[in-house]
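Below you'll find the structure, written out as structure tokens, and then a few comments.
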Amino acid sequence: MQKIWQMLCAGLVLASVQSCTETDNYDGPNASLSGIVIDLTTGEPLLSGQGEYSIRLWETSWSDNPSPQDLAVKQEGTYSNNKLFQATYSLQPYGGPFWPVEKITDFQLEGDDTKDFTVTPYLKITNVQWELDGTNLKISCKLQAPKPDGLPQVIEIRPFISLTEYCGEGNRIDAYFKDEYRILINKNWSEIGNMDSGVGSETYVIPNSLPLKSGYTYYIRMGAKVRDTFEKFNYSEIIQIKVP
């Protein structure tokens, strides 16, 4: 009986070793996808911060209820991933400061493919004006709503300051991300701008001067957000300011 038991144990060990050394015959990720997210109002890449929203993918080849995969969108509005499987996908710009975009279905990814998307931003930050008083920065802006009707409530405007060209909510100097430097709005667009043209009626001035340091180069932009699910910021273009 002991001999039979030893033989059974040896067989189990051999089977286990064989199962661990079997070759995986499935193909690895062998496709790539890239593209640009375009602002409908300008025809240019949407002004955003680094990785603040994504292109969401659902691989539908093998499941009716797949888990999503997010491809981060860069500050310049581009995205890319070269570790995807050749398969059928649904695609959608997701989690950004723009009006919801319909999901694209049955997209066949077969190799090195591209797919651009066009979105309408909730807000546009316009007429940014700045002035240095010694090393103190004064800055102001206006707002515009490309689609005023149904726009979620406008929450606030803030300045964003960085020491690199990457500037936004995820890349900022925290010392300037304080309530003393924000403009709290919490109003519907009908209270702050024209419902036909979408042009804002006010100039918003940051209430306190921003104390910068002499000899530094700063990258600065203004951001505003609305009360939707994600509350991401729409941004102005980045301004480079050298403090003497």
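Only alpha carbons enter this Debye calculation for the chain, each as an equal point scatterer, and the log10 of I(q)/I(0) it gives at q = 0.09, 0.16 Å⁻¹ is -0.51, -1.12. Over the stretch 187-244, the pair-distance histogram of Cα-Cα distances with 10 Å bins from zero comes to 17, 37, 30, 14, 2 percent, rounded to whole numbers.
Helix 2-21 versus the longest principal axis of the chain: what angle, 0 to 90°, nearest 10, using Cα atoms? Here the helix axis deviates by roughly 40 degrees.
With the cut-off at 29 Å, tell me which of the pairs 124/242; 83/225; 187/242 have Cα atoms farther apart than that. Before the final figure, lay out each step's value.
Values: 124/242 25 Å; 83/225 33 Å; 187/242 35 Å.
Going by Cα-Cα distance, 83/225; 187/242 fall outside the 29 Å limit.
Where a number appears in this text, it was derived from the coordinates with a stated rule and is not lab data. Small disclaimer: the values here were computed from a predicted structure and weren't measured.
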